[in-house]
Amino acid sequence: GMLISGGVAGCVAKTVTAPLSRLTILFQVHSMVTTKPHAPQYADSMIGAFRKVVGKEGFLAFWKGNGTSVVHRFPYSAINFTIFESSKLFLISLFGYKKLEVVASDKMGLIRFISGAIAGGTATAT
(Lines give C-alpha, C1' and ligand atoms only; values in the text may rest on other atoms or scores of the structure.)
Protein backbone atom coordinates (compact mmCIF):
# COMPACT_ATOMS: atom_id res chain seq x y z
CA GLY A 1 0.00 0.00 0.00
CA MET A 2 2.58 2.58 1.07
CA LEU A 3 5.02 1.62 -1.69
CA ILE A 4 2.40 2.12 -4.40
CA SER A 5 1.12 5.36 -2.82
CA GLY A 6 4.60 6.85 -2.56
CA GLY A 7 5.53 5.82 -6.09
CA VAL A 8 2.35 7.19 -7.64
CA ALA A 9 2.66 10.45 -5.68
CA GLY A 10 6.23 10.90 -6.90
CA CYS A 11 5.24 10.22 -10.52
CA VAL A 12 2.32 12.64 -10.39
CA ALA A 13 4.52 15.35 -8.88
CA LYS A 14 7.21 14.78 -11.53
CA THR A 15 4.65 14.93 -14.34
CA VAL A 16 3.01 18.10 -13.01
CA THR A 17 6.35 19.90 -12.71
CA ALA A 18 7.75 18.59 -16.03
CA PRO A 19 7.04 21.80 -18.01
CA LEU A 20 9.06 23.91 -15.57
CA SER A 21 11.89 21.37 -15.61
CA ARG A 22 11.93 21.37 -19.41
CA LEU A 23 12.13 25.18 -19.55
CA THR A 24 14.88 25.22 -16.93
CA ILE A 25 16.93 22.73 -18.92
CA LEU A 26 16.44 24.69 -22.15
CA PHE A 27 17.65 27.91 -20.52
CA GLN A 28 20.69 26.15 -19.01
CA VAL A 29 21.73 24.22 -22.10
CA HIS A 30 21.26 27.11 -24.49
CA SER A 31 23.52 29.37 -22.44
CA MET A 32 26.23 26.69 -22.40
CA VAL A 33 26.26 25.94 -26.14
CA THR A 34 26.17 29.55 -27.32
CA THR A 35 29.70 30.59 -28.24
CA LYS A 36 28.99 34.09 -29.56
CA PRO A 37 29.41 36.77 -26.89
CA HIS A 38 26.27 38.68 -27.94
CA ALA A 39 24.15 35.74 -29.02
CA PRO A 40 20.47 36.03 -28.10
CA GLN A 41 19.24 34.06 -25.14
CA TYR A 42 16.87 31.15 -25.62
CA ALA A 43 14.11 33.56 -24.65
CA ASP A 44 13.79 36.78 -22.69
CA SER A 45 11.25 35.39 -20.21
CA MET A 46 9.52 32.22 -19.09
CA ILE A 47 6.44 33.22 -21.08
CA GLY A 48 8.62 33.79 -24.15
CA ALA A 49 10.26 30.39 -23.69
CA PHE A 50 6.83 28.78 -23.23
CA ARG A 51 5.63 30.29 -26.49
CA LYS A 52 8.80 29.28 -28.30
CA VAL A 53 8.48 25.63 -27.22
CA VAL A 54 4.80 25.48 -28.14
CA GLY A 55 5.47 27.17 -31.50
CA LYS A 56 8.41 24.96 -32.49
CA GLU A 57 7.55 21.59 -30.95
CA GLY A 58 3.94 21.70 -29.75
CA PHE A 59 2.41 21.63 -26.29
CA LEU A 60 3.35 18.00 -25.54
CA ALA A 61 7.04 18.89 -25.89
CA PHE A 62 6.96 20.01 -22.25
CA TRP A 63 6.74 16.34 -21.29
CA LYS A 64 9.61 15.17 -23.51
CA GLY A 65 11.61 12.64 -21.52
CA ASN A 66 8.99 12.46 -18.77
CA GLY A 67 8.53 8.70 -19.24
CA THR A 68 12.15 8.08 -18.35
CA SER A 69 11.93 10.45 -15.39
CA VAL A 70 8.83 8.69 -14.09
CA VAL A 71 10.47 5.25 -14.39
CA HIS A 72 13.32 6.58 -12.23
CA ARG A 73 11.04 8.50 -9.84
CA PHE A 74 8.63 5.67 -8.98
CA PRO A 75 11.00 3.42 -7.01
CA TYR A 76 12.78 6.37 -5.40
CA SER A 77 9.52 7.93 -4.15
CA ALA A 78 8.07 4.57 -3.15
CA ILE A 79 11.08 3.70 -1.00
CA ASN A 80 11.38 7.22 0.41
CA PHE A 81 7.72 7.41 1.48
CA THR A 82 7.62 3.88 2.92
CA ILE A 83 10.84 4.22 4.89
CA PHE A 84 9.85 7.68 6.16
CA GLU A 85 6.46 6.51 7.47
CA SER A 86 7.86 3.26 8.90
CA SER A 87 10.78 4.91 10.67
CA LYS A 88 8.48 7.62 11.99
CA LEU A 89 6.22 5.01 13.60
CA PHE A 90 9.25 3.14 14.93
CA LEU A 91 10.73 6.30 16.48
CA ILE A 92 7.37 7.29 17.99
CA SER A 93 7.25 3.92 19.76
CA LEU A 94 10.93 4.24 20.70
CA PHE A 95 10.16 7.55 22.47
CA GLY A 96 7.51 5.64 24.45
CA TYR A 97 4.36 6.82 22.69
CA LYS A 98 1.56 4.61 21.44
CA LYS A 99 0.69 4.74 17.72
CA LEU A 100 -2.46 6.88 18.07
CA GLU A 101 -1.27 8.97 21.02
CA VAL A 102 -0.50 12.64 20.47
CA VAL A 103 3.26 13.16 20.37
CA ALA A 104 4.72 16.32 21.90
CA SER A 105 5.47 18.81 19.12
CA ASP A 106 9.13 19.29 20.11
CA LYS A 107 9.74 15.55 19.86
CA MET A 108 7.72 15.21 16.64
CA GLY A 109 9.99 17.66 14.85
CA LEU A 110 13.03 15.59 15.83
CA ILE A 111 11.26 12.36 14.83
CA ARG A 112 10.38 13.78 11.40
CA PHE A 113 13.92 15.06 10.91
CA ILE A 114 15.50 11.70 11.74
CA SER A 115 12.91 9.81 9.68
CA GLY A 116 13.53 12.08 6.70
CA ALA A 117 17.29 11.56 6.95
CA ILE A 118 16.87 7.79 7.14
CA ALA A 119 14.38 7.73 4.25
CA GLY A 120 16.39 10.05 2.00
CA GLY A 121 19.60 8.14 2.62
CA THR A 122 17.96 4.79 1.99
CA ALA A 123 16.12 5.88 -1.17
CA THR A 124 19.24 7.50 -2.60
CA ALA A 125 21.43 4.49 -1.83
CA THR A 126 19.11 2.07 -3.64
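Quick notes
Condition check ((1) open to solvent by less than 80 Å² (accessible area, probe 1.4 Å); (2) under 19 Å from TYR76 (Cβ atoms); (3) modelled with pLDDT of 95 or more) across all residues:
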site	(1), (2), (3)
SER5	yes, yes, yes
ALA9	yes, yes, yes
VAL12	no, yes, yes
SER21	yes, yes, no
LEU26	yes, no, no
HIS30	yes, no, no
THR35	no, no, no
PRO40	no, no, no
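- Of the residues making up the stretch 105-119, those that are at pLDDT 85 or above and open to solvent by 80 Å² or more (accessible area, probe 1.4 Å) are LEU110, ARG112, PHE113.
- Hey, PHE50 in contact with a Cys (Cβ under 8 Å, 6 or more places away or on another chain) and either open to solvent by 60 Å² or more (accessible area, probe 1.4 Å) or modelled with pLDDT of 95 or more (or both) or not: no
- Qualifying residue in the stretch 93-104 (condition: surrounded by 13 or more Cβ atoms within 10 Å (Cβ to Cβ) and in a helix (DSSP H, G or I)): no
The values are calculated or read from the model by the stated rules, or taken from the named source; none is laboratory data. Computed from a predicted model, the values in this text were never measured in an experiment. Don't worry about glycine lacking a Cβ; one is built from the backbone with ideal geometry, like all the others, and counts go over all protein chains shown. For accessibility, only protein heavy atoms count, side chains too; no ligands or nucleic acids. Shrake-Rupley method; radii C 1.70, N 1.55, O 1.52, S 1.80 Å.
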